[in-house]
1. Of the residues 123, 103, which is exposed (fewer than 15 other Cβ atoms within 10 Å of the Cβ), modelled with pLDDT of 95 or more and touching a helix residue (DSSP H, G or I) at 6+ places or on another chain (Cβ under 8 Å)?
2. What are the residues in the range 226-244 that are part of a strand (DSSP E or B), without any contact (Cβ under 8 Å) to a residue 60 or more places away in the chain and within 17 Å of the chain's Cα centre (by Cα), if any?
3. When you check residue 94 against the structure, is it exposed (fewer than 13 other Cβ atoms within 10 Å of the Cβ), outside any loop (DSSP other than H, G, I, E, B) and either modelled with pLDDT of 95 or more or under 18 Å from the mean Cα position of the chain (by Cα) (or both), yes or no?
4. Cβ contacts < 8 Å: first residue under 23 Å from residue 97 (Cα atoms), restricted to the range 12-32; second residue surrounded by fewer than 15 Cβ atoms within 10 Å (Cβ to Cβ) and modelled with pLDDT under 50, any location; separation 6+ or different chain. Result?
5. Of all residues in the range 204-224, how many are surrounded by fewer than 17 Cβ atoms within 10 Å (Cβ to Cβ) and not in a helix (DSSP H, G or I)?
6. Considering (1) without any contact (Cβ under 8 Å) to a residue 60 or more places away in the chain; (2) in a loop (DSSP other than H, G, I, E, B), say which one residue 57 fails and leave the rest.
7. State all residues of the range 130-146 that are surrounded by fewer than 19 Cβ atoms within 10 Å (Cβ to Cβ) and either touching a helix residue (DSSP H, G or I) at 6+ places or on another chain (Cβ under 6 Å) or free of Cβ contacts under 8 Å to residues at least 60 places away in the same chain (or both); if no residue qualifies, say none.
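The values are calculated or read from the model by the stated rules, or taken from the named source; none is laboratory data. Quantities reported herein were computed from a predicted structural model and do not represent experimental measurements. Here the Cβ is made from the backbone with ideal geometry for all residues, glycine too, and neighbour counts use every protein chain on show.
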């Protein structure tokens, strides 16, 4: 079954020695989707949040306007806004066509059609594009990628990762997952990852190993249901917290 790739995946594949924009399919989600995917509580606005692999999501932009403290990292942030806008325009039609072909893999309740999906995603990405130049200058968009991040240990309260880990189980190995999650736990007191299913909508076979690994190191590890499901079966997040 053919699927579209999210922005950061290509940078993580060992076979690729250079990250280039023509290998990226940018696809961004909104603040409202992030809020539901990661089950943010009422005090989330007081946290220092790191978004890993945020791509062209509007989460950073919208959160900043609400007074939140958010830094996003993704290798696409090395490109300028015109390059990103051009790449989004070049790939969005194909992404929506693939969503149409695989419509049975999605839950069409909040977003009710492929056409509405296109409007929601393009609105989010357009907000990102408007915010990106100033946000990059302000240090809110950082050219960096898992599993190695250029941030001090515990410099964030919460690190989140949307639609990369577990989703691309068949492209990213277990070692990469363990390294990436360990890095998220190094830079933040808590890590949250969504979703926990693969592109096929089946649960990732890495889940048990990841839970056992970090549980054995003393982390508080839990799988929690969230109020968001667009990919069928994708309504849970992994939550890993430092002890104490």
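1. Values: 123 fails: touching a helix residue (DSSP H, G or I) at 6+ places or on another chain (Cβ under 8 Å).
None of the others qualify; the one that does is 103.
2. 236, 239, 240
3. On the way: exposed (fewer than 13 other Cβ atoms within 10 Å of the Cβ): yes; outside any loop (DSSP other than H, G, I, E, B): yes; either modelled with pLDDT of 95 or more or under 18 Å from the mean Cα position of the chain (by Cα) (or both): no.
Against the criterion (exposed (fewer than 13 other Cβ atoms within 10 Å of the Cβ), outside any loop (DSSP other than H, G, I, E, B) and either modelled with pLDDT of 95 or more or under 18 Å from the mean Cα position of the chain (by Cα) (or both)), residue 94 does not qualify.
4. Cβ pairs passing all conditions: 23/16.
5. 7
6. It fails just one condition, (1).
7. Of everything in the range 130-146, those that are surrounded by fewer than 19 Cβ atoms within 10 Å (Cβ to Cβ) and either touching a helix residue (DSSP H, G or I) at 6+ places or on another chain (Cβ under 6 Å) or free of Cβ contacts under 8 Å to residues at least 60 places away in the same chain (or both) turn out to be 133, 134, 136, 137, 138, 143.
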